[in-house]
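Written below as structure tokens is the structure these notes are about.
The values are calculated or read from the model by the stated rules, or taken from the named source; none is laboratory data. This structure is a prediction, so every number in the text was calculated from the model and none was measured. Cβ: placed from backbone, ideal geometry, glycine included. Neighbour counts: every protein chain shown.
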Amino acid sequence: MTHARTTRRVLAAVASVGAVLITAACSSSSTPSGSAAAGGGVNWDERGPITYAQGKDTAGVWAGVLKEWNDAHPNEQVTLIELSPEADQQRADMIKRGQAKSGEFSVMSVDVVWTAEFAANGWLQELPKDKFPTDGMLASAVDAASYFGKLYAYPQSSDGALLYYRSDLLDKAGLKPPTTWDEMQAACDKVLPTQKGMSCYSGQFQKYEGLTCNVAEAVNSAGGEFITADGKPAVNSAEAVAGLTWMVDGFKSGMIPKEAITWKEEESRQAFQDGKILFLRNWPYVYNLASKTDGSSKVAGKFGVSPIPGKTGPGVSTLGGHNIGISAFAKNKGTAGDFIKWIASEAQQKTFLLKGSLAPILESMYADADLNKEFGYLSTLGESIKNAQARPKAVRYGDVTSAIQDATYAALQGQQTPTDAFNGLQTKLEDLLK
């Protein structure tokens with residue numbers, strides 16, 4: 001996610017789109033079995049070459065990071081395997097290796113919503129807490145890397161959604177960044193008549209994991225929820241329907257350009273950088289790319305960031321981020337273990353922030369005065385993550401998110417009303433929770 005990788009928590013884990021299936025995941029009659037679950041029989045001194053698999057490096061950070069590691073570890077080289085930029089395909093590729101008990105991917109960058117599924121199926125190696133300390137890490141990041149109270153991955157990056165806006169155009173119109181949907185619409189009504197070919201707003205609306213993140217934010221920001229705290233579906237509530245209705249009405253009115261129905265993170269980022277939209281909901285990685293002065297961005301020096309807006313006040317971000325886990329079937333787990341701890345170190349977390357605008361997993365970095373001076377958005381991002389709502393720790397998360405995407409996409413395309421779409425989703429979630 002998340003970006004719908006990516007992507008991707010400042011204080012504690014919060015219940016989400018729902019706390020759905022957290023109960024289902026925790027009510028399983030048994031914990032994962034085998035050496036991956038028990039952590040026994042693992043030779044943490046075994047070292048040698050390993051591979052690292054992740055989605056496409058859109059932030060352009062990993063080549064330098066891996067060169068630094070490889071230069072310092074000539075006998076423990078790490079080879080990058082870049083997978084699809086699409087989160088769903090990344091997950092499918094990793095599951096394929098897990099089901100085949102293949103160690104082809106020694107280390108994997110796993111979206112926070114996949115960790116429980118991968119751990120439950122025995123595809124991730126349990127990480128002994130005495131060898132993999134988590135002191136100083138965001139509590140929510142550690143929770144997202146855990147299953148049944150045991151650590152199955154190391155936090156790699158956190159994530160919270162931000163609203164990117166054209167500060168030059170808002171300033172010219174005497175406007176402040178919007179905190180509500182109505183304020184955002186009012187800003188567009190005032191600014192757009194003077195901007196030929198510009199639309200108001202976009203997020204990510206293609207039918208993939210990014211759509212789940214976007215509709216979750218709309219639902220939560222309208223006061224609704226997909227699943228209640230006690231694990232019961234509640235997606236057919238008036239508040240939840242109001243969130244979806246805002247998205248549907250956005251397409252109908254033209255507030256959201258019709259072509260955005262096919263946009264994921266990169267397409268929407270490019271539209272903002274090309275000056276085609278006034279407001280963009282996206283992840284922190286966009287900041288550095290939109291700031292480039294090499295001609296690739298038409299908005300460099302002309303944009304700002306704020307929390308996403310909601311129905312009556314600041315909105316609620318979906319909690320994003322990635323964990324970095326070791327395949328249960330990998331060789332050279334000692335090297336793999338050292339590598340993931342190195343990635344989580346303060347030095348490398350600063351590299352990811354400085355060069356890729358990736359949200360760190362170390363709590364202290366959000367209060368770092370120097371970093372806040374250099375990254376004006378850091379405190380805003382911290383607030384976004386602090387108030388974010390997590391997606392479920394679900395062994396069957398793929399089924400849940402597919403159901404959410406199907407219902408939402410049908411409504412956005414006008415095939416169903418928001419009420420009918422969420423009534424149908426309510427029934428599907430009830431079946432999945434049985």
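Given the criteria within 22 Å of residue 261 (Cα to Cα), at pLDDT 95 or above and assigned to a loop (DSSP other than H, G, I, E, B), does residue 206 qualify?
yes
So which residues in region 300-315 are part of a loop (DSSP other than H, G, I, E, B) and either modelled with pLDDT under 95 or touching a Pro at 6+ places or on another chain (Cβ under 8 Å) (or both), if there are any at all?
307, 308, 315 - these are the residues of region 300-315 that are part of a loop (DSSP other than H, G, I, E, B) and either modelled with pLDDT under 95 or touching a Pro at 6+ places or on another chain (Cβ under 8 Å) (or both).
Checking the conditions here, which among 290, 216, 271 is closer than 30 Å to residue 427 by Cβ and assigned by TED's automatic domain parsing to the domain that holds residue 185?
216
Can you find a residue in region 34-42 that is over 19 Å from residue 319 (Cα atoms), at pLDDT 50 or above and assigned to a strand (DSSP E or B)?
For region 34-42, residues over 19 Å from residue 319 (Cα atoms), at pLDDT 50 or above and assigned to a strand (DSSP E or B): absent.
Restricting attention to region 203-231, which residues are hydrophobic (A, V, I, L, M, F, W, C) and surrounded by fewer than 23 Cβ atoms within 10 Å (Cβ to Cβ)?
The one that is hydrophobic (A, V, I, L, M, F, W, C) and surrounded by fewer than 23 Cβ atoms within 10 Å (Cβ to Cβ): 229.
Select, from 369, 344, 411, the only residue that is closer than 25 Å to residue 129 by Cβ and small (Gly, Ala, Ser).
Answer to the selection: 344.
Condition first: farther than 23 Å from residue 405 by Cα and of a type outside the set (A, V, I, L, M, F, W, C). Can you find one or more residues in region 198-206 that meet it?
Yes; the residues of region 198-206 include at least one that is farther than 23 Å from residue 405 by Cα and of a type outside the set (A, V, I, L, M, F, W, C).
Out of the residues in region 274-296 that are in a loop (DSSP other than H, G, I, E, B) and crowded, with 22+ Cβ neighbours inside 10 Å, which is modelled with the highest pLDDT?
Out of the qualifying residues, it is 283.
Does any residue in region 227-251 that is farther than 16 Å from residue 410 by Cα come within less than 9 Å, Cβ to Cβ, of a residue that is part of a strand (DSSP E or B) and hydrophobic (A, V, I, L, M, F, W, C) six or more places away or on a different chain, and which pairs are these?
Going by the 9 Å Cβ cut-off, the qualifying pairs are 233/227; 234/227.
When you check residue 60 against the structure, is it loosely packed, with under 14 Cβ neighbours inside 10 Å, at pLDDT 50 or above and part of a loop (DSSP other than H, G, I, E, B), yes or no?
yes
Given (1) in a helix (DSSP H, G or I); (2) among the aliphatic types (A, V, I, L, M); (3) under 22 Å from the mean Cα position of the chain (by Cα); (4) surrounded by fewer than 21 Cβ atoms within 10 Å (Cβ to Cβ), where does residue 119 come up short, assuming only one miss?
(4)
Is region 190-202 home to any residue that is under 13 Å from the mean Cα position of the chain (by Cα), outside the structural domain of residue 333 (by TED's automatic domain parsing), buried (at least 23 other Cβ atoms within 10 Å of the Cβ) and not hydrophobic (A, V, I, L, M, F, W, C)?
Checking region 190-202: not a single residue is under 13 Å from the mean Cα position of the chain (by Cα), outside the structural domain of residue 333 (by TED's automatic domain parsing), buried (at least 23 other Cβ atoms within 10 Å of the Cβ) and not hydrophobic (A, V, I, L, M, F, W, C).
Yes or no, residue by residue, for (1) within 21 Å of residue 398 (Cα to Cα); (2) in the same structural domain as residue 342 (by TED's automatic domain parsing); (3) outside any loop (DSSP other than H, G, I, E, B); (4) not polar (S, T, N, Q):
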{"site": "48", "(1), (2), (3), (4)": "no, yes, no, yes"}
{"site": "53", "(1), (2), (3), (4)": "yes, yes, yes, yes"}
{"site": "65", "(1), (2), (3), (4)": "no, yes, yes, yes"}
{"site": "75", "(1), (2), (3), (4)": "no, yes, no, no"}
{"site": "95", "(1), (2), (3), (4)": "yes, yes, yes, yes"}
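Quick one: which residue in 367, 336, 328 is surrounded by fewer than 17 Cβ atoms within 10 Å (Cβ to Cβ) and of a type in the set (Gly, Ala, Ser)?
Selected residue: 367, the only one of 367, 336, 328 that is surrounded by fewer than 17 Cβ atoms within 10 Å (Cβ to Cβ) and of a type in the set (Gly, Ala, Ser).
Please enumerate the residues belonging to region 221-256 that are modelled with pLDDT under 95 and not in a loop (DSSP other than H, G, I, E, B).
If the condition is that a residue be modelled with pLDDT under 95 and not in a loop (DSSP other than H, G, I, E, B), then 227, 233 are the ones that fit.
Taking the stated definitions as given, is residue 282 within 19 Å of the chain's Cα centre (by Cα) and within 16 Å of residue 218 (Cβ to Cβ)?
Judged against the criteria, residue 282 is a match.
Could you identify the single residue in 104, 126 that is in contact with a helix residue (DSSP H, G or I) (Cβ under 8 Å, 6 or more places away or on another chain), assigned to a loop (DSSP other than H, G, I, E, B), surrounded by fewer than 23 Cβ atoms within 10 Å (Cβ to Cβ) and at pLDDT 95 or above?
104
Within region 297-308, restricting attention to residues that are under 23 Å from the mean Cα position of the chain (by Cα) and over 20 Å from residue 355 (Cβ atoms), which residue is surrounded by the fewest Cβ atoms within 10 Å (Cβ to Cβ)?
Going through the qualifying residues, I end up with 304.
Cβ contacts < 6 Å: first residue more than 25 Å from residue 391 (Cβ to Cβ), restricted to region 160-184; second residue at pLDDT 95 or above and part of a strand (DSSP E or B), any location; separation 6+ or different chain. Result?
What qualifies is 165/279; 165/304; 166/278; 167/304; 177/165; 177/306; 178/309.
Can you pull out the residues in region 154-180 that are over 25 Å from the mean Cα position of the chain (by Cα) and under 30 Å from residue 342 (Cβ atoms)?
Listed by number, the list is empty, since nothing qualifies.
With region 325-385 as the region, which helices (runs of 4 or more DSSP H) entirely inside it contain at least 1 residues that are hydroxyl-bearing (Ser, Thr, Tyr)?
333-343, 346-356
Among the residues in region 400-412, are any in a helix (DSSP H, G or I), exposed (fewer than 15 other Cβ atoms within 10 Å of the Cβ) and at pLDDT 85 or above?
no
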